[in-house]
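The values are calculated or read from the model by the stated rules, or taken from the named source; none is laboratory data. Fair warning: this is a prediction, and the values are worked out from it, not measured in the lab. Cβ placement follows ideal geometry from the backbone for every residue including glycine, while neighbour counts extend to all protein chains displayed.
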Amino acid sequence: MFRGLNSSFAAMTNNLVRLGVELQNSNTRLSTGKRINKAADDPAGLIAATRLNQEITALDSRISSAERLKSVVDTADGAASEISTLLTDIESAVLASADSGTTDAEKAAYQAEIDDAIGAIDRLVSTTTYGGKKLLDGSMGYNVSGSDSSEISDIRVQRASSTAPAAISITKSRTETAAALEIMTAAPTGAVQFTVTGNDGTSTAFNFDETDSLNDIASVIGAQTGSTGVDAVVSGGSLYLASSGIGRDEFVSVNISSGESDFAITGTSASEYGATTDTVVVNGRTLTQDEEGSYTYSDSQTTVSFNLVDSFTGSTSFAVNGGGAGWSIGGDEIKLGINDMSSSKLGNVNLGYLSSLKSGGANDISSGNATTAQSIVTEAQNMVNTQRGNLGAVSKYTIESAMNSWETTKGYLSEAYGSIMDLDYAKESANNSRIESLLSVQTQVMGNMFNFTSNMVSKLLDL
């Protein structure tokens with residue numbers, strides 16, 4: 001009997017130890033809020049969660065990098081905004097100084113305002129930096145020159161040499177063909193009926209029988225070319241229908257009502273379109289079209305995309321000058337061009353530059369060239385506003401869209417990570433209570449068995 005009791009005590013003791021370990025693990029999960037606290041809890045789940053966490057960390061790094069790049073763009077835009085405000089002040093001073101009732105003393109005061117404002121612009125250009133790099137002095141800008149808008153448009157420079165101009169020479173040739181469809185390989189042996197439609201839009205029904213030769217059929221169809229846009233020709237013993245025009249918009253459509261066994265086409269209807277093939281060669285390299293009229297050229301130093309006007313054929317060219325600024329976002333390098341906004345660059349060679357409005361300049365107040373000065377300021381404002389638009393586009397469509405995408409992906413990954421690692425508190429609390437109850441019952445049972453055994457031993461000793 002005692003041997004059996006010893007075995008029961010040993011089993012209960014082992015069970016108590018097991019329940020104690022389970023309770024400890026449950027308490028750990030409840031305190032950390034994690035379902036997996038060590039590899040033994042769920043080896044496969046830990047591996048999956050670790051990989052997800054690594055991806056989340058990589059996304060955090062990308063988002064942080066994009067935030068820094070956005071800070072660069074925002075810094076440049078903030079300074080450009082202040083330059084725009086200063087230009088408005090200069091314009092006001094120019095207009096006020098041109099008033100016929102303005103005294104010499106007032107003109108001198110207006111000139112001082114203009115000098116101070118231009119000086120402030122040049123100081124902004126000189127001092128607007130990020131990470132030690134100047135943003136507005138032209139060192140981060142690139143220029144495109146020599147393009148003809150009637151031939152090429154939407155030039156976008158993704159990457160360009162910062163040391164040498166890139167000459168982009170383009171040749172576009174075009175080959176166009178008519179739509180052609182073989183419909184009969186021999187004269188009909190019975191009645192045939194079909195409808196022909198072409199690019200001119202009129203559908204015409206034709207009926208022939210065994211008395212009609214292929215040449216007869218071609219003549220009848222050809223007589224309706226003016227309304228259908230479809231001609232017919234016999235060649236090599238077969239009858240072909242062809243569009244009267246050439247190019248991708250031309251087509252031939254045939255719908256067979258009866259007698260289809262006498263047609264070479266499959267089924268009761270068929271259609272064929274003409275073709276337009278453009279061959280575009282850039283700097284000796286033949287390009288494949290990305291989309292309709294859109295091409296991308298890349299070499300060791302330059303990557304540029306552009307659109308060719310559909311009607312254009314022949315040769316054209318443009319040049320990419322300067323370098324632009326280079327940053328990495330999500331492992332991809334982007335080039336952001338920020339043009340020089342100093343007073344010696346705002347304006348143009350025909351009108352003059354903003355610096356010419358300073359005291360002693362060709363267009364200062366004393367020169368009497370108020371109209372020219374105002375035109376220069378207007379051109380300068382246009383240049384600054386255009387630059388701000390470009391900065392805003394990069395910020396919104398390149399940086400922010402990437403950040404939004406990464407944040408969304410991070411959310412999904414975090415959700416997946418949480419589904420593996422996060423604890424179901426309600427379920428675990430119930431499990432914890434269950435274990436505690438089992439421990440309590442098991443302890444009580446062992447206590448009762450111990451008391452029973454002690455009493456039995458005492459009675460045996462009394463005997």
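For (1) at pLDDT below 75; (2) assigned by TED's automatic domain parsing to the domain that holds residue 131; (3) of a type in the set (Ser, Thr, Tyr), each residue gets a yes or a no:
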residue	(1), (2), (3)
32	yes, no, yes
47	no, no, no
54	no, no, no
64	no, yes, yes
71	no, yes, yes
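Could you look through the stretch 280-313, keep only residues that are at pLDDT 90 or above and touching a Lys or Arg at 6+ places or on another chain (Cβ under 7 Å), and pick out the one that is farthest from residue 402 (Cα to Cα)? Filtering first and then ranking leaves 313.
Residues that are under 25 Å from residue 71 (Cβ atoms), assigned to a loop (DSSP other than H, G, I, E, B) and of a type outside the set (A, V, I, L, M) within the stretch 113-153 comprise 128, 131, 132, 137, 138, 139, 141, listed in sequence order. For residue 208, the conditions (1) surrounded by 18 or more Cβ atoms within 10 Å (Cβ to Cβ); (2) in the same structural domain as residue 345 (by TED's automatic domain parsing) are fulfilled apart from (2). Among the residues of this structure, residue 266 does not count as one that is surrounded by 15 or more Cβ atoms within 10 Å (Cβ to Cβ), free of Cβ contacts under 8 Å to residues at least 60 places away in the same chain and out of contact with any Phe, Trp or Tyr (no Cβ under 6 Å at 6 or more places or on another chain).
Would you check which residues across the stretch 359-396 are buried (at least 19 other Cβ atoms within 10 Å of the Cβ) and not in a helix (DSSP H, G or I) and list them? Once the filter is applied, which keeps residues that are buried (at least 19 other Cβ atoms within 10 Å of the Cβ) and not in a helix (DSSP H, G or I), the stretch 359-396 yields 361, 363, 364, 369. Among the residues of the stretch 397-436, those identified as surrounded by 13 or more Cβ atoms within 10 Å (Cβ to Cβ) and at pLDDT below 75 are 421, 422, 423, 428, 429, 431, 432, 435, 436. Of the residues 131, 78, 146, the single one that is assigned by TED's automatic domain parsing to the domain that holds residue 303 and out of contact with any Leu (no Cβ under 8 Å at 6 or more places or on another chain) is 146. One residue stands out in the stretch 190-210 among those that are outside any strand (DSSP E or B) and within 44 Å of the chain's Cα centre (by Cα): the one that is modelled with the highest pLDDT, namely 199.
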